[in-house]
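Asker: Have a look at the structure that comes next, please.
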Amino acid sequence: MAIQLLSLGVIGVRLLDRILTAKAIYPEELADQIVDEINQYLGRAPETEKAMLFNLACEVHEALADRYGRVDSAQVRLDISQMMGLLVYRAKMSASQGR
């Protein structure tokens, strides 16, 4: 499972749920829903997480579009949840460098 994603707490659980259950066929549709979930949470996110979440939202569209043609299978959704762990790590590193 995507431990890095779940390590984010509430937003990580919400993102994982959205990745696994969203009605989306194409990567752009799923990326829109992931970014929407991040945007809904950003207003109440701790200040220390905001830069990381912003960086994560910026990378989602490109990452999904580069790797997948369709996102409507269970295996692809599991792969995406794993890939999001890497994106979370990169977003955290990028946010920490910006401080």
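Asker: Against the conditions (1) under 16 Å from Leu5 (Cα atoms); (2) at pLDDT below 95; (3) not aliphatic (A, V, I, L, M), where does Arg18 fall short? Just the number, please.
Answerer: (2)
Asker: Here is a follow-up. Looking at the stretch 1-23 only, could you name the residues that are among the aliphatic types (A, V, I, L, M) and either in a helix (DSSP H, G or I) or surrounded by 19 or more Cβ atoms within 10 Å (Cβ to Cβ) (or both)?
Answerer: If the condition is that a residue be among the aliphatic types (A, V, I, L, M) and either in a helix (DSSP H, G or I) or surrounded by 19 or more Cβ atoms within 10 Å (Cβ to Cβ) (or both), then Ala2, Ile3, Leu5, Leu6, Leu8, Val10, Ile11, Val13, Leu15, Leu16, Ile19, Leu20 are the ones that fit.
Asker: For the stretch 1-40, how many residues are among the charged types (D, E, K, R) and more than 15 Å from Ser81 (Cβ to Cβ)?
Answerer: Count: 5.
Asker: Need a quick list: helices (runs of 4 or more DSSP H) entirely within the stretch 24-99 having at least 2 residues that are more than 10 Å from the chain's Cα centre (by Cα), surrounded by fewer than 17 Cβ atoms within 10 Å (Cβ to Cβ) and at pLDDT below 95.
Answerer: Output list reads 47-67, 74-97.
Asker: State which residue pairs qualify: first residue closer than 12 Å to Leu53 by Cα and inside the stretch 78-90, second residue exposed (fewer than 15 other Cβ atoms within 10 Å of the Cβ) in any location, beta carbons under 9 Å apart, and separation of 6 or more residues or different chains.
Answerer: Every condition considered, the pairs that remain are Val88/Ser7.
The values are calculated or read from the model by the stated rules, or taken from the named source; none is laboratory data. This structure is a prediction, so every number in the text was calculated from the model and none was measured. Please note: Cβ atoms are built from the backbone with ideal geometry, for glycine as well, and neighbour counts cover all protein chains shown.
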